[in-house]
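To start, the structure under review is shown below, and the notes come after it.
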Amino acid sequence: MAFGGIILMVLGTYGSVNWHFSFIESLNKMGLPIEPGKTVATIGVMLILLPVLRYFFIGPLQEVIDHRNHELESTFAEAENLRGEMKKMRSDFEARLAETEATAREQIQNQIREAQNLRQQLMNEAAERADTMVRQAQMEIEQEKLNALMVIRSHVVDLTLAAAEKVIGENMDTDKNRRLINEYIETLEVSA
Amino acid sequence: MHALLQLGQTLFAAANSGPVEGASFLGLAVYFGLLLAILAGLMAYAKRGFGVQVFKNPITVLFEHLYLFIENMCVGSIGPNGRKYIPYIMTLWMVIFLSNVMALFFPEAPTADLNFNLGLAVMTILYVQIEGIRTNGFFGHLKHFAGPKLGIWMIPISGMIFCIEIISELMKNLSLSLRLYGNIHGGHMAVESMNALGTSIYIPIGAFLMPLKVLTCVVQALIFTLLTCVYLSLVTHHDVEDHAEAASSVAHAH
């Protein structure tokens, strides 16, 4: 292309001096300033200029702008991807958070239920133990009461015998007397 | 060496005695060389700012905006495959716009010369034809000139359409070049005429046309490149339509 341009440029230069066409001269006389040499040389120069500008300026400019546009597009695409990922992560996080909250709520409910059961169990055990202790204490009191009655009865018999001895002036501490007094006291207890 | 010197002398002689209106061949070469030097300087300065992700160099930012503008224009009018034409369209835009701007400060500029514009137009139309042939094949591209299928009894109509289309393609060269030439050269002529009006009162009345000329610089570069995109779209859109139709038929089949 550039070689063709050089040839046309030289041809145009030559033509501007040597080409004399009657048709062109008549056009010149009519007011149309046509010189084929100039036209041909112009085409030649432009044929050289086009690849030169394309190679040295327009091509690199195009490359820089395309590269920048490409980078911008890829940055936007990346940003869009990141945005999508962020949205997905957010929804995942929210779902996980909801799931965790539900699990925690369930665990708390279970713990509360367990604690209530444990409390009930402990209260039942304590009540049972208290009842046992009360029963045992009552049994012990009853036993102590019986023991005390036995001792009192023995003392009453002794006192009765001592009093009777004082009244009649002789020893009355025989097994028979003791049995009689005991029987009498028992009848008194029954009537009381 | 002797031949080169002789050529130079001839060119200088032609420049001094040029019977044709506008700059001579040597003049055009000087202005075009100046344009290329300015363009090279701007691009070299802009290229220093390529190293960073976000351009900070103001000239690099300007070129970036120009690139994005051209990209939008190409993709918008040609379609998704229009991106491959960006280097061509951007080169055209820069050359035409810079030349138009030069016309604000210098008595001549490349785009104020009909032959320069004709060169750009011829190259563009040839490029469009090459792209049409590359996209549709040689016969497919020729068939495109004959218009829609009209049936065997309408062959004369198709032949007429073919001839009209061929003439239309040839006229595109003239319309592209004359429009640009007329606007830039006409701007010069208008400024000179208005300045001549104000000579007696020492006021350059033509300077008041400057905002309009600045607008013309942008608009003419835009029109030339936009029309190029439209021409490219006309010869390549069948391919895109066919692909779209094929895609839709496949989708329906599924």
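The values are calculated or read from the model by the stated rules, or taken from the named source; none is laboratory data. As the structure is a prediction and not an experimental result, all values here were calculated from the model. Please note: Cβ atoms are built from the backbone with ideal geometry, for glycine as well, and neighbour counts cover all protein chains shown. Just so you know, the surface numbers come from the protein's heavy atoms only, side chains and all, with ligands and any DNA or RNA stripped out. Shrake-Rupley method; radii C 1.70, N 1.55, O 1.52, S 1.80 Å.
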Has the range B:172-180 got at least one residue that is in a helix (DSSP H, G or I), charged (D, E, K, R), at pLDDT 85 or above and open to solvent by 70 Å² or more (accessible area, probe 1.4 Å)?
-> yes
Subset of the range B:96-134 [among the hydroxyl-bearing types (Ser, Thr, Tyr) and open to solvent by 40 Å² or more (accessible area, probe 1.4 Å)] | B:Tyr127
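One line per residue, one yes/no per condition, for (1) of a type outside the set (Val, Ile, Thr); (2) touching a residue at least 24 places away in the same chain (Cβ under 8 Å); (3) in contact with a Lys or Arg (Cβ under 8 Å, 6 or more places away or on another chain):
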position: B:Met73; (1), (2), (3): yes, yes, no
position: B:Gly79; (1), (2), (3): yes, yes, no
position: B:Arg83; (1), (2), (3): yes, no, no
position: B:Asn117; (1), (2), (3): yes, yes, no
position: B:Arg134; (1), (2), (3): yes, no, no
position: B:Phe139; (1), (2), (3): yes, no, no
position: B:Met154; (1), (2), (3): yes, no, no
position: B:Ile157; (1), (2), (3): no, no, no
position: B:Ile167; (1), (2), (3): no, no, no
Do any residues in the range B:40-59 that are within 10 Å of A:Leu61 (Cα to Cα) have Cβ atoms under 6 Å from those of residues that are exposed (fewer than 11 other Cβ atoms within 10 Å of the Cβ) and of a type in the set (Gly, Ala, Ser), where the two are at least six apart or on different chains, and which pairs are they?
-> none
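Yes or no, residue by residue, for (1) open to solvent by less than 60 Å² (accessible area, probe 1.4 Å); (2) assigned to a helix (DSSP H, G or I); (3) within 7 Å of chain B (Cβ to nearest Cβ):
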| position | (1), (2), (3) |
| --- | --- |
| A:Ile7 | no, yes, no |
| A:Val17 | yes, yes, yes |
| A:Ile24 | yes, yes, no |
| A:Leu27 | yes, yes, no |
| A:Ile43 | yes, yes, yes |
| A:Thr75 | no, yes, no |
| A:Lys88 | no, yes, no |
Would you tally the residues in the range B:53-65 being more than 9 Å from every other protein chain (Cβ to nearest Cβ) and either within 27 Å of the chain's Cα centre (by Cα) or surrounded by fewer than 17 Cβ atoms within 10 Å (Cβ to Cβ) (or both)?
-> 6
Restricting the first residue to the range A:168-189 and requiring it to be of a type in the set (Asp, Glu), which pairs with a second residue that is surrounded by 11 or more Cβ atoms within 10 Å (Cβ to Cβ) meet a Cβ separation below 6 Å and a spacing of at least six or different chains?
-> A:Asp173/A:Leu161
